[in-house]
Amino acid sequence: MSVYVNRILNMKKIKAIGFDMDYTLVRYNTENFERLTYSLVKKNLVKVLGYPKEVLDLEFDFQLVQQGLVIDKLRGNLLHVSRFGKVKKAQHGLSALSFEEQNNAYANRVIDLSDESFQSLDTAFSVSNGILYAQLVELKEKGSVVPRYDLLADHIKEAIDICHSDGSLKSKVKENIGDFIIQDEKLVSQLEMYKKCGKKLIIITNSEFYYCKDLLEYAIDPFLKEHKSWKDLFEITITLSSKPRFFHVKNHFLRIDPDTALMTNHEGPITPGVYQGGNAGKLQEDLGLKGSEILYLGDHIYGDVLSLKKTFGWRTALVVEPLEDEILAIKKSEPTQKRIDSFMQEKEVFEDRLDKLEMSKYRGESFDKDEVGKIYSSIEKINNSISKELEDYRKCFNPHWGELMRAGQEESRFADQIEKYACVYMGRVSDLLEHSPRTYFRPIKRVLPHELI
């Protein structure tokens with residue numbers, strides 16, 4: 001794996017590196033974790049929100065949803081949207097909309113996520129959310145007594161929040177931590193190397209201290225060689241930060257005694273230690289750094305990257321957990337893509353010839369009608385060949401939604417957000433830390449259509 005660059009990032013100038021914890025610094029087994037979340041949310045829907053017991057019989061299907069989709073809460077649809085906000089694929093319940101149905105609903109509409117009728121599934125944590133939404137819509141269409149589409153979305157979010165607030169989800173993770181958390185000895189070694197090179201390492205997480213402590217002791221402490229614990233490796237750890245509010249609301253810091261977990265109000269500068277709450281402005285001020293000297297890595301575009309980019313100008317890196325599978329699929333599909341490209345080039349020659357014959361017709365010039373028929377026949381054969389290749393191409397990616405970063409020929413909305421707000425992106429934190437702390441990351445020059453000459 002590698003680091004993919006949208007904007008210049010000179011690591012030599014970075015003096016502090018902040019990390020989100022969940023799905024960034026600490027890697028999860030996503031399928032196991034989302035299966036657990038799914039099972040607990042189903043129980044909350046039935047027990048707390050009064051949903052019919054048949055909801056408990058629903059089965060987890062990890063492939064049913066991928067990161068970056070959008071829920072249309074009014075129509076009960078899942079959407080795969082392009083960077084221009086156009087719907088490229090839509091699904092109602094467990095069935096894909098036909099071209100006509102999709103066209104009638106979305107042809108003249110641009111999906112605007114500021115509209116409350118849409119819900120974005122941008123993080124790895126949102127997979128089970130999307131799966132349950134599709135399945136509940138399907139139940140509704142089959143006659144089950146469940147609420148209207150928008151309430152389904154709201155209730156799933158409420159049931160997820162209950163899992164977090166009552167501690168049931170995190171307690172299950174801690175009880176069987178090896179099933180859900182991936183240890184990475186190499187990452188710990190890289191972090192120690194960056195620390196040795198003078199980078200200040202910081203954690204900013206929305207998780208509570210007790211959960212943060214347990215996960216870091218499992219994921220970090222066993223592999224430390226130059227530090228006694230994660231508390232020594234990370235200069236500042238901020239728990240329950242309430243991102244994205246952390247980046248634009250001036251909340252007070254509480255200092256946590258990591259041995260007793262007791263908290264006290266904190267006054268004065270932020271010094272090395274463990275905290276709860278607070279705000280990015282004071283943290284930056286007390287570090288004595290410019291925004292451009294701080295790099296922050298997270299897995300959530302809106303919670304981690306967008307807010308701080310707009311507010312403080314910190315440099316940003318996005319960890320895209322499904323990226324590894326996407327790249328493997330691209331490599332697997334490469335021979336098929338080359339055949340498609342070859343067919344398209346052949347087709348363009350015929351289309352160019354057809355255009356010239358059509359122009360002769362409109363100019364009143366003589367043209368060979370038989371040749372026109374032969375060209376249409378040739379194009380049809382090529383289209384049939386392309387269709388067969390496209391079937392093989394799609395098999396390399398998610399069976400329901402296809403590519404993560406593309407919606408048809410265009411970049412997906414998810415890919416567009418990454419390009420807009422992340423200086424660099426990668427599949428895991430260790431991909432960045434494999435590089436020297438002085439690496440100068442440069443983007444590849446983007447080629448514009450008129451430059452392809």
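The values are calculated or read from the model by the stated rules, or taken from the named source; none is laboratory data. The model shown is predicted, which means the values in this text are computed figures rather than measured ones. Ideal geometry is used to build each Cβ from the backbone, glycine not excepted, and the neighbour counts take in all protein chains shown. Surface areas here come from the heavy atoms of the whole protein model, side chains and all, with no ligands, DNA or RNA. Shrake-Rupley method; radii C 1.70, N 1.55, O 1.52, S 1.80 Å.
Can you figure out the FRET efficiency of Lys331 with Met193, using R₀ = 35 Å and their beta-carbon distance, to the nearest 0.05? Working from the Cβ atoms, E equals 0.75. Computed from the alpha carbon positions, the gyration tensor of segment 272-431 leads to an equivalent ellipsoid with semi-axes of 52, 20, 10 Å, biggest first.
What shape does segment 179-291 have by the C-alpha gyration tensor, where a ≥ b ≥ c are the square roots of the eigenvalues, rounded means a/c under 1.5, and otherwise prolate means a/b greater than b/c and oblate the rest? Taking the square roots of the gyration eigenvalues as a ≥ b ≥ c, segment 179-291 is prolate. Phi angles across segment 222-236 convert, under the Karplus curve 6.51 cos²θ - 1.76 cosθ + 1.60 with θ = phi - 60°, into 3J(HN,Hα) values of x, 10, 6, 10, 10, 9, 7, 8, 4, 5, 7, 6, 9, 5, 9 Hz, Gly and Pro given as x. Most simply put, segment 282-427 has about 30% antiparallel DSSP beta bridges, counting only bridges with both residues inside it. Within segment 396-453, the trypsin sites (Lys or Arg not before Pro) that combine a DSSP coil assignment with at most 13 other C-beta atoms in a 10 angstrom radius are Arg438, Lys445, Arg446.
The GluC sites (Glu not before Pro) of segment 91-122 that meet both conditions, a loop assignment by DSSP and at most 13 other Cβ atoms within 10 Å of the site Cβ, are Glu116. Taking K and R as +1 and D and E as -1, what net charge do the other residues with C-beta under 12 Å from the C-beta of Ile71 add up to? Charge balance in the 12 Å sphere: -3. Shape call for segment 1-139 from the C-alpha gyration tensor, a ≥ b ≥ c root eigenvalues: rounded (a/c under 1.5), prolate (a/b greater than b/c) or oblate? Note, shape of segment 1-139 comes out oblate. Taking a straight Cα-Cα cut-off under 15 Å and skipping sequence neighbours fewer than 8 places away in the same chain, the aspartates and glutamates within cross-link reach of Lys395 are Asp325, Glu326, Glu334, Glu403.
Straight-distance candidates among the aspartates and glutamates for linking to Lys445, with alpha-carbon spacing under 20 Å and chain neighbours fewer than 8 residues away dropped: Glu410, Glu411, Asp416, Glu419. Average 1/r across all pairs of distinct alpha carbons in segment 243-335, invert it, and you get the Kirkwood radius: 15.4 Å. Restricting the chymotrypsin sites (Phe, Trp or Tyr not before Pro) of segment 323-385 to loop positions (DSSP other than H, G, I, E, B) with no more than 16 neighbouring Cβ atoms within 10 Å leaves Phe367. In the context of the full set of protein chains, segment 344-453 has a per residue accessible area of 65 Å² (1.4 Å probe). In segment 1-107, the portion of solvent-accessible area held by carbon and sulfur atoms comes to 48 percent [1.4 Å probe, whole percent, DNA, RNA and ligands not counted]. In the context of the full protein assembly, Asp166 retains an accessible surface of approximately 90 Å², using a probe radius of 1.4 Å and ignoring ligands and nucleic acids. Listed by chain and number, the aspartates and glutamates whose alpha-carbon sits under 13 Å from that of Lys282, ignoring those within fewer than 8 places in the same chain, are Glu267.
Net charge within 15 Å of Lys196 by Cβ-Cβ distance, Lys/Arg positive one each and Asp/Glu negative one each, not counting Lys196 itself? Local net charge: +2.
Taking all protein chains as shown and a probe of 1.4 angstrom, His248 keeps an accessible surface of around 110 Å².
If you take the square roots of the eigenvalues of the alpha-carbon gyration tensor of segment 372-421 and sort them as a ≥ b ≥ c, do you get rounded (a/c under 1.5), prolate (a/b over b/c) or oblate?
Values: a/c = 5.87, a/b = 2.13, b/c = 2.75.
Because a/c hits 1.5 or more and a/b fails to exceed b/c, segment 372-421 counts as oblate.
From the alpha carbon centroid of segment 82-100 to that of segment 311-366 is 20 Å. Surface composition of segment 113-159: carbon plus sulfur atoms hold 48% of the accessible area, using a 1.4 angstrom probe and ignoring ligands, DNA and RNA.
Computed from these coordinates, which is Cα extents along the principal axes in Å: (1) 90, 57, 36; (2) 63, 52, 43; (3) 88, 84, 42? So the structure-derived entry is (1). Pairs from the list Lys174/Lys332; Lys12/Lys420; Lys89/Lys170; Lys89/Lys356 with a Cα-Cα gap above 26 Å: Lys174/Lys332; Lys89/Lys170; Lys89/Lys356.
Exceedance of the 21 Å cut-off in Cα-Cα distance is limited, within the set Lys42/Lys142; Lys186/Lys310; Lys42/Lys172, to Lys186/Lys310.
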